[in-house]
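As structure tokens, the structure follows; a few thoughts come after it.
Nothing in this text is a laboratory measurement; each read-out follows from the coordinates by a stated rule. Just so you know, these numbers come straight off a predicted model, no measurement behind them. Because the Cβ atoms are built from the backbone with ideal geometry, glycine has one as well, and the counts that use them run over all protein chains shown.
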Amino acid sequence: MSSQIIGTPSGVHRLAQERRVVTGIPGPRSRELQERRAAAVAPGVSSVLPVYVADAGGGVVVDVDGNSLIDFGSGIAVTNVGNANPRVAERVAAQAERFTHTCFMVAPYESYVAVCEALNRLTPGDHDKRTFLVNSGAEAVENAVKAARYATGRQAIVAFDHGYHGRTLLTMTLTAKNMPYKHGFGPYAPEVYRMPMAYPFRWPGGAENCGPEAAAQAIDQITKQIGPENVAGVVIEPIQGEGGFIEPAPGFLPAIADFCRTHGILFIADEVQTGFARTGDLFACEHEGVVPDIVTTAKGIAGGLPLAAVTGRADVLDKIHPGGLGGTYGGNPVSCEAALAVLEEIENEKLVDRARAIGEVMLPRLRALADRHPEIGDVRGRGAMTAVELVRGAGAKEPNPELTAEVARRCHAAGLLVLTAGTHGNVLRFLPPLVIPEHLLSEGLDVLEESFAAAASAG
């Protein structure tokens with residue numbers, strides 16, 4: 001594919017912003033690479049899309065065979081500002097020429113401090129905050145739990161049904177889904193308790209009662225089974241990611257946050273997937289005015305480079321002794337420069353507003369698709385984080401993972417990258433880059449509609 005600069009509402013793109021399928025998916029070069037992979041890579045590492053990437057930018061991913069696919073995945077909400085964003089690439093290249101590593105714990109540098117200052121300013125709440133940097137979302141959640149236990153002197157941690165927090169021992173324990181994340185990897189970390197989630201589509205009392213009923217159940221179970229005085233922290237995604245883009249029913253998050261505040265429990269918001277403009281707010285907690293004690297961030301923070309952060313109340317994080325936090329690569333200088341560029345891009349290109357505009361295009365189209373296909377039981381999401389949940393038929397709640405996989409396969413074959421999710425594997429989730437051009441967003445939804453129609457007629 002020839003490179004060119006194309007104007008869009010969110011700037012310019014180096015690659016032609018077009019869908020183009022010139023071979024089968026996967027093509028011959030991707031199949032060759034797949035053979036090499038089978039002989040070299042542990043099979044436990046899986047991939048959604050059976051193609052090998054050669055280039056990416058704006059709203060497209062280009063494979064080694066020259067196919068150009070519309071990107072509705074953003075590397076799982078990582079490339080919010082677009083892949084190889086020029087502002088990010090420029091700052092990364094400049095920093096890589098100066099120095100790539102000293103270890104902040106050995107010889108510090110300004111960009112680490114600047115990222116922490118920015119997160120202290122931008123995360124919800126106007127209280128005094130502190131931040132430290134790590135490498136991944138899982139590492140951030142682990143450190144948030146560690147900080148909560150240290151600061152409160154308590155041990156118990158509460159997580160929620162359908163939640164996903166990572167693949168390390170502790171975050172795997174916090175994660176609700178067995179296969180593939182937990183199966184065979186036990187025993188798990190102690191003192192982790194799971195509570196019901198306010199899942200409107202599947203709440204027994206109906207969506208209209210979900211928020212208050214789920215909060216009451218969770219609070220009752222915490223009180224009876226653990227005792228609030230034993231709970232160090234509650235860890236929750238403001239919109240659950242891998243669990244199926246479950247947006248908690250209104251009132252649930254504020255009620256849990258109020259309960260935590262009353263009992264000296266730290267409310268930990270896992271904003272790893274929801275942060276950095278993805279939901280139409282800079283952080284998803286802002287939607288209901290929830291102010292967490294601790295916020296974990298990663299994914300979209302650095303435009304594709306490994307970086308994560310824990311931002312918390314100063315009176316919590318200041319308690320931890322020097323040397324109790326850190327890591328060799330945490331806050332790598334190249335990643336820090338990328339993060340500063342991402343924050344500039346979000347502000348300068350008004351990507352919070354852009355995320356809302358994307359949702360205003362996607363959600364009506366998805367609801368109209370649901371009207372034509374009774375297998376779509378629920379349409380949900382906020383901003384540029386939307387999903388459909390597939391069931392066996394009209395009025396049914398039985399999950400339909402087979403149809404979900406078939407629609408995803410047809411989307412991939414037609415040149416649209418989509419992701420699946422959900423505890424039952426029956427959710428199609430959509431995470432387009434916030435800089436995707438309007439025509440590609442519309443065309444991607446066209447492909448999705450065609451794939452649904454084809455899958456339904458074949459089934």
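Loop only by DSSP, 14 or fewer other Cβ within 10 Å of the Cβ. Give me the chymotrypsin sites (Phe, Trp or Tyr not before Pro) in the range 181-280 that pass, ordered by residue number.
Passing both the DSSP loop test and the Cβ count: PHE185, TYR188.
Output needed: percent of Cα pairs per 10 Å distance bin for the range 257-317, bins running from 0 to the one holding the longest distance.
23, 49, 25, 3
Please report the base-10 log of the normalised intensity I(q)/I(0) for the range 1-114, using a Debye sum with one equal scatterer per alpha carbon and no solvent, at each q in 0.09 (1/Å).
Debye curve over Cα of the range 1-114, log10 I(q)/I(0) at q = 0.09 Å⁻¹: -0.36.
Quote the charge dipole size of the range 320-459 about the Cα centre in Debye, to the nearest 20; the model charges only the Cβ of Lys and Arg (+1) and of Asp and Glu (-1). Don't skip to the end; give the middle numbers.
Working: 13 positive and 19 negative charges, 83 e Å.
Magnitude of the dipole: close to 400 debye.
Given H placed 1.01 Å from N in the peptide plane, which residues other than close sequence neighbours of ILE246 have an amide H under 5 Å from its amide H?
Long-range HN contacts for ILE246: GLN240.
Give me VAL115, VAL45, VAL12, VAL64 ranked fewest to most by other Cβ atoms within 10 Å of their Cβ, as a rough exposure proxy.
Ordered by Cβ neighbours within 10 Å, fewest first: VAL45, VAL12, VAL64, VAL115.
If each residue's Cβ is checked for other Cβ atoms within 10 Å, how do CYS116, CYS260, CYS285, CYS103 rank with the fewest at the top? Numbers along the way, then the final one.
Working: CYS116 19, CYS260 22, CYS285 27, CYS103 15.
Ascending number of Cβ neighbours within 10 Å: CYS103, CYS116, CYS260, CYS285.
Could you give the dipole magnitude of the range 150-259 about its Cα centre, charging the beta-carbon of Lys and Arg +1 and that of Asp and Glu -1, in debye to the nearest 20?
Result for the range 150-259 is approximately 400 debye, rounded to the nearest 20.
If you average the sequence gap of Cα pairs under 8 Å that are 6 or more apart and divide by the length of the chain, what percent do you get for the contact order?
This gives 22 percent for the chain.
When a footprinting reagent is the concern and you count Cβ atoms within 10 Å, what order do MET105, MET172, MET197 take, fewest first?
In order of increasing Cβ crowding within 10 Å: MET105, MET172, MET197.
How high is the relative contact order of the range 88-348, in percent, counting Cα pairs under 8 Å that sit 6 or more residues apart?
31 percent
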